[in-house]
1. Which condition number in (1) within 14 Å of the ligand (Cβ to nearest atom); (2) closer than 22 Å to Gly61 by Cα; (3) loosely packed, with under 15 Cβ neighbours inside 10 Å is the one that Arg202 fails?
2. Ser121 versus (1) within 25 Å of Pro192 (Cα to Cα); (2) surrounded by fewer than 20 Cβ atoms within 10 Å (Cβ to Cβ): which is the lone unmet condition?
3. Kindly indicate whether any position in segment 15-27 is at pLDDT 85 or above and either within 16 Å of the ligand (Cβ to nearest atom) or out of contact with any Lys or Arg (no Cβ under 9 Å at 6 or more places or on another chain) (or both).
4. Restricting to segment 1-37, name every residue that is aliphatic (A, V, I, L, M) and either more than 21 Å from Arg170 (Cα to Cα) or loosely packed, with under 10 Cβ neighbours inside 10 Å (or both).
5. What number goes with the only condition from (1) touching a residue at least 60 places away in the same chain (Cβ under 8 Å); (2) part of a strand (DSSP E or B); (3) surrounded by fewer than 12 Cβ atoms within 10 Å (Cβ to Cβ) that Ser193 does not pass?
6. Looking at segment 149-156, can you tell me whether even one residue there is of a type outside the set (S, T, N, Q) and either assigned to a helix (DSSP H, G or I) or in contact (Cβ under 8 Å) with a residue 60 or more places away in the chain (or both)?
Amino acid sequence: MLSSITILIDAHIASSERKHAPSESIYATDLGSCLRKVTMRRAGFKSDPYDARTLRVFKVGNMYHDFITDALEAQGVLVAKEVVGKKDNISLRVDAIIKGGILVEIKSVNSRKFSYLKSDSDPHYLMQTAIGFHILKDEYKLTSARLYYVSKDDLRILEMEVDLPKWLPRALTYVIDLNNAWKKWTDFGQMPSLLPDVGGKRPWHCRYCNMLTSCKDFREKMENGKDQRPSP
Ligand code: SF4
């Protein structure tokens, strides 16, 4: 008998999921993330698998990206898409570069976000886009960078110019923080602290963190005095 459609869809998504090899590189998407989470990822700690619903959300996000870049291509303004860059141990993939030397990062979000979205609402996206500009600017003769928000459920759109003089220095400072945290781990086995509680509760970032299990395990084992660095 034919399996349920949901099982088939989830199997299709799982088989087309991009696999990431463990890497000590900093990814542009690490900027703004918890230092402990990034250090654990770079050190090869095990991440929690995404559930089927989250993978579906990611898949639909990719479909929105394709929808937008296909439209840019059809209108004759697309210079390149899914552009890979690497410099100084920072790796990234930017969504699109269009005529005029404009770097475009596409973010598919829920429409609820549009009720409070402002030009500085998402420091992590702004830093990510700014570092992409920094790394690719000479190769593509970039002049500016834009964030392009689209809501998945009602197709609202907001296009904003990234204030590069403001966000690039912040992005570069975050890279230094990530590298310092990494050095403390590799040289001394010191893991960055947990994110602090907010109003007596764990911050929301921890609820959605894919290192949550490793983060808790690490804390419990450290409390027992064991060094958690993976064996060479
Ligand atoms: S669970 Fe929270 S403190 Fe731990 S790595 Fe994730 S975000 Fe950081």
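The values are calculated or read from the model by the stated rules, or taken from the named source; none is laboratory data. The shown structure was predicted, so the numbers you read here are calculated from the model rather than taken from an experiment. No Cβ is skipped: glycine too gets one built from the backbone with ideal geometry, and neighbour counts run over all protein chains shown.
1. Looking at each condition in turn, Arg202 falls short on (2).
2. Here Ser121 clears every test but (1).
3. Among the residues of segment 15-27, at least one is at pLDDT 85 or above and either within 16 Å of the ligand (Cβ to nearest atom) or out of contact with any Lys or Arg (no Cβ under 9 Å at 6 or more places or on another chain) (or both), which makes the answer yes.
4. Initially, segment 1-37 is screened for residues aliphatic (A, V, I, L, M), giving 1-2, 5, 7-9, 11, 13-14, 21, 26, 28, 31, 35.
Selection gives Met1, Leu2, Ile5, Ile7, Leu8, Ile9, Ala11, Ile13, Ala14, Ala21.
5. Here Ser193 meets the rest and fails (2).
6. Initial filter on segment 149-156 (of a type outside the set (S, T, N, Q)): 149-150, 152-156.
From the residues that got through so far, the ones that are either assigned to a helix (DSSP H, G or I) or in contact (Cβ under 8 Å) with a residue 60 or more places away in the chain (or both) too are 150, 152.
Yes: one or more hits.
Okay, residues lined up against (1) buried (at least 19 other Cβ atoms within 10 Å of the Cβ); (2) free of Cβ contacts under 8 Å to residues at least 60 places away in the same chain:
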residue	(1), (2)
Thr39	yes, no
Ser47	no, no
Gly61	no, no
Asp70	no, yes
Leu78	no, yes
Tyr116	no, yes
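Yes/no per residue for (1) exposed (fewer than 14 other Cβ atoms within 10 Å of the Cβ); (2) more than 16 Å from the ligand (Cβ to nearest atom):
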{"site": "Leu142", "(1), (2)": "no, yes"}
{"site": "Ala145", "(1), (2)": "no, yes"}
{"site": "Tyr149", "(1), (2)": "no, yes"}
{"site": "Asp163", "(1), (2)": "yes, yes"}
{"site": "Arg170", "(1), (2)": "no, yes"}
{"site": "Ala181", "(1), (2)": "no, no"}
{"site": "Asp187", "(1), (2)": "yes, yes"}
{"site": "Asn210", "(1), (2)": "no, no"}
